[in-house]
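Working notes for the structure below.
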Amino acid sequence: MITYDWDLIERLLHEVQNSAGHSFTPRPYAEQHAAAQAAQGDPVPDLDHLKSRACEYEKLLLERGFIETRPEDEGGNGENFILTERGSRLLSLIDSSIPGDAPAREKLNQQEDALDEATFERVSSKPQITSGAI
């Protein structure tokens, strides 16, 4: 079973939303994520590992259709992205600023690989995951 760092993925997806006109850089986003965790008093994992994981997540999110290259007419520079419809659904499920993200994250964690395209489509299409009534 693959375990994902949903907080880091959420951070990356939010950065994708804001990447128009500049390059998407997962390593500095991982540093910012670690700093935010430390400021909240949360334990911070090894920074090098976190940076590496952020780069792996960028690749995975792109390969599995959660993000795609941002079109030039939308501020694309060849090194930034936009959320796909699938990526928007993922963000809406795991977004910690939206009440009810915990049950969705728990349901995703119960999957063999929650970010496998077929698995994600099956799980995210269930009404109870989006309503929090899992």
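Every number here is computed from the coordinates shown, using simple stated rules; none is lab data. Model, not experiment: these values are computed from the prediction. Backbone-built Cβ (ideal geometry, glycine too); neighbour counts: all protein chains shown.
Overview of results
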{"read-out": "Structure-based [θ]222 nm, the chain - -39500 (n - 2.57) summed over DSSP H runs of at least 4, per residue, nearest 500", "value": "-17000 deg cm²/dmol"}
{"read-out": "Gaussian network model of the chain, springs between alpha carbon atoms under 10 Å - residue of A35, A104, A20 with greatest fluctuation", "value": "A35"}
{"read-out": "Longest exposed-site-free window of the chain, the sites being GluC sites (Glu not before Pro) in a DSSP loop that have at most 12 other C-beta atoms within 10 Å", "value": "1-78"}
{"read-out": "Cβ charges +1 (Lys, Arg) and -1 (Asp, Glu), total dipole of the chain, debye", "value": "300"}
{"read-out": "Of R64, R86, R122, the one that fluctuates the most in a GNM where the chain has Cα springs shorter than 10 Å", "value": "R122"}
{"read-out": "Residue (of W6, A102, L90) at the positive-pole extreme of the range 6-131, dipole from beta-carbon charges", "value": "A102"}
{"read-out": "Residue-count net charge about L60 - beta-carbon cut-off 14 Å; Lys, Arg +1, Asp, Glu -1", "value": "-4"}
{"read-out": "Aspartates and glutamates with Cα under 16 Å of K59, excluding same-chain neighbours fewer than 8 positions away", "value": "D5, E10, E15, E68, E79, D113, D116, E117"}
